[in-house]
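See structure below.
The values are calculated or read from the model by the stated rules, or taken from the named source; none is laboratory data. All values derive from a computational prediction rather than experimental measurement. No Cβ is skipped: glycine too gets one built from the backbone with ideal geometry, and neighbour counts run over all protein chains shown. Ligands, DNA and RNA are stripped out before the accessible areas are found, and what is left, the full protein with its side chains, is counted by its heavy atoms. Shrake-Rupley method; radii C 1.70, N 1.55, O 1.52, S 1.80 Å.
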Amino acid sequence: MAHTVSHDEAGHRYVITVEGEEAGFAAYTPVEGALDFNHTVVDPKFRGQGLSKPLISSALDDVRLGGRKIYASCSAVAGFVEKNPEYKDLLAD
């Protein structure tokens, strides 16, 4: 199933779209040079398809490209970083 991840900067979230339909998002709040990822949702219609991993990894890759750090208030983002230590350098102190 083809998906894309885009940054909705005005809405402070990264959105995953499957075949033109919004399937989920990872929301954040900008705080002092970092982004606090505080809520991740995958629409029930799309759950069980492994979409949270590409959503979160794409969001964190984009944060890295921008030279920013993150706070992982969202348990999904925190769990992702814990399971993928290559992203731990993005965690703000």
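The table below lists the values:
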item	result
Filter pass, THR40 being surrounded by fewer than 16 Cβ atoms within 10 Å (Cβ to Cβ), modelled with pLDDT of 95 or more and of a type in the set (Val, Ile, Thr)	no
Condition check for VAL63: at negative phi and assigned to a strand (DSSP E or B)	no
Filter result (in contact with a helix residue (DSSP H, G or I) (Cβ under 7 Å, 6 or more places away or on another chain) and more than 17 Å from TYR14 (Cβ to Cβ)) within region 42-90	LYS88
Complete set of residues in region 19-37 that are aliphatic (A, V, I, L, M), surrounded by fewer than 18 Cβ atoms within 10 Å (Cβ to Cβ) and closer than 24 Å to GLY50 by Cα	none
Subset of region 3-18 (residues that are of a type in the set (A, V, I, L, M) and open to solvent by 20 Å² or more (accessible area, probe 1.4 Å))	VAL5, ALA10
Within region 39-55, considering residues that are in a loop (DSSP other than H, G, I, E, B) and out of contact with any strand residue (DSSP E or B) (no Cβ under 7 Å at 6 or more places or on another chain), the one nearest to LEU91 (Cα to Cα)	GLY50
Condition met for ASP36 (among the acidic types (Asp, Glu) and part of a helix (DSSP H, G or I))	no
So ALA10, is it of a type in the set (Gly, Ala, Ser) and in a loop (DSSP other than H, G, I, E, B)	yes
Options SER58, SER73: the member that is in contact (Cβ under 8 Å) with a residue 12 or more places away in the chain, in contact with a strand residue (DSSP E or B) (Cβ under 7 Å, 6 or more places away or on another chain), open to solvent by 60 Å² or more (accessible area, probe 1.4 Å) and of a type in the set (Ser, Thr, Tyr)	SER73
